[in-house]
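The values are calculated or read from the model by the stated rules, or taken from the named source; none is laboratory data. From a predicted model like this one, the values you see are computed outputs, not experimental measurements. When we count neighbours, we look across all protein chains shown, and the Cβ atoms used for this are built from the backbone with ideal geometry, even at glycine.
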Amino acid sequence: MAAIDFRIQTPLRRVRGLGSAKAGTEHFWLQRVTAFANLFLAIAFILVVISLAGRDYEAARALLSRPLVGVLMGLFVISGCVHMRIGMQVVIEDYLHGGVKVAAVIANTFFAILVGAACLFALARLAFGN
């Protein structure tokens, strides 16, 4: 009597050893790590915003030029943009198909980089002046 093969892969996939795209687990964990980091970094961001409420531009520059505050805000931007990119990529991959999906994933990546770069540039201008 022959054994029943319960694996959900085609024989060609088993031979090639491909199975999945090999990136799902990495994206899953990166999404969770950035979500956890964003929890604490968002609290720091909210505290900075509250401390600057009603203060002028020079007070904002003085606060953001402090190394700890500037680094925390930079990490918040980076972690938030990575988290945003991965989250949108999951939505795109689930709901779009074909060439539109590829174009949307590429556009999503460039958008996340653009937003992150603009935010980091603004932080640097505030921290270091003109």
ask   = If we keep just the residues of the range 47-70 that are more than 20 Å from F121 (Cα to Cα) and part of a helix (DSSP H, G or I), which is farthest from the chain's Cα centre (by Cα)?
value = S51
remark   = Counted residues in the range 76-107 being within 20 Å of N38 (Cβ to Cβ) and more than 8 Å from the chain's Cα centre (by Cα) come to 6
remark   = Selection from the range 87-118 of residues in contact with a Phe, Trp or Tyr (Cβ under 9 Å, 6 or more places away or on another chain) and hydrophobic (A, V, I, L, M, F, W, C) yields M88
ask   = Cβ-Cβ below 8 Å, separation at least six or inter-chain, first residue in the range 18-34 and hydrophobic (A, V, I, L, M, F, W, C), second assigned to a helix (DSSP H, G or I) and modelled with pLDDT of 85 or more: which pairs?
value = L30/V82; L30/I86
ask   = So L39 fits all but one of (1) exposed (fewer than 13 other Cβ atoms within 10 Å of the Cβ); (2) modelled with pLDDT under 95; (3) within 21 Å of H83 (Cα to Cα); what number is the exception?
value = (2)
